[in-house]
Amino acid sequence: MHEKRRLDRHKVSMSLEVYDLDTGDHLGRVVDLHAEGLMLLSDHPIDLFKQFALQVSLPMTLNGLTEFFLDAQSLWNRESIAGGQYWTGLHFTQLPEASRICIEKMVASR
């Protein structure tokens, strides 16, 4: 696969659960992220090239928040080597300032 990423991925050591705000469905958890996107691990394949309004739940309070919100589009996915789980790359299409600050603090703490 040709690598198109311009920014380094930052692995997430905490459990960041991701929810689809339109359906309320739990989509999966963040594996790594950077200022422009994230990689999600899920139990079901995520539709490609779909726009999502997402809630990311934090396991602690960060900047006074226990969750943050963003819009993203799914760009690629593939089944994990062991099978039964799926990796999905999502690109942020709208990132509110409070969400950007949370992501920057998580990335800086690595």
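The values are calculated or read from the model by the stated rules, or taken from the named source; none is laboratory data. The structure presented is a predicted model; accordingly, all values stated were derived computationally and were not measured. Here the Cβ is made from the backbone with ideal geometry for all residues, glycine too, and neighbour counts use every protein chain on show.
Among the residues of the range 38-53, just one is among the small types (G, A, S) and touching a residue at least 40 places away in the same chain (Cβ under 8 Å), namely S42. Out of the range 59-82, which residues are part of a strand (DSSP E or B), over 16 Å from the mean Cα position of the chain (by Cα) and not hydroxyl-bearing (S, T, Y)? Residues satisfying the conditions are M60, L62, L65, E79. Which numbered condition in (1) out of contact with any strand residue (DSSP E or B) (no Cβ under 7 Å at 6 or more places or on another chain); (2) surrounded by 15 or more Cβ atoms within 10 Å (Cβ to Cβ) is the only one that I81 fails? It is condition (2) that I81 fails. Which count do you get for residues in the range 76-110 that are among the acidic types (D, E) and closer than 21 Å to S15 by Cβ? Going through the range 76-110 one residue at a time, the tally reaches 1.
Could you tell me whether L16 is surrounded by 15 or more Cβ atoms within 10 Å (Cβ to Cβ) and over 13 Å from L90 (Cα atoms)?
Yes: the conditions hold for L16.
Please find, within the range 40-58, the residue that is nearest to K105 (Cα to Cα) out of those that are of a type outside the set (A, V, I, L, M) and in a strand (DSSP E or B). In this case the residue turns out to be S57. Here A53, A82 are screened, and the one residue that is among the small types (G, A, S) and over 15 Å from L21 (Cα atoms) is A82.
To keep it simple, each residue is scored yes or no on (1) at pLDDT below 95; (2) outside any loop (DSSP other than H, G, I, E, B); (3) on the phi > 0 side of the Ramachandran plot.
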site: T23; (1), (2), (3): no, no, no
site: G84; (1), (2), (3): yes, no, yes
site: T88; (1), (2), (3): no, yes, no
site: S99; (1), (2), (3): yes, yes, no
site: R110; (1), (2), (3): yes, no, no
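Cβ-Cβ distances below 8 Å connect the following pairs, each with a first residue in the range 54-69 that is closer than 14 Å to E97 by Cα, a second residue that is of a type in the set (V, I, T) and in a strand (DSSP E or B), and a separation of six or more residues or different chains: E67/V56; F68/V56; F69/V56.
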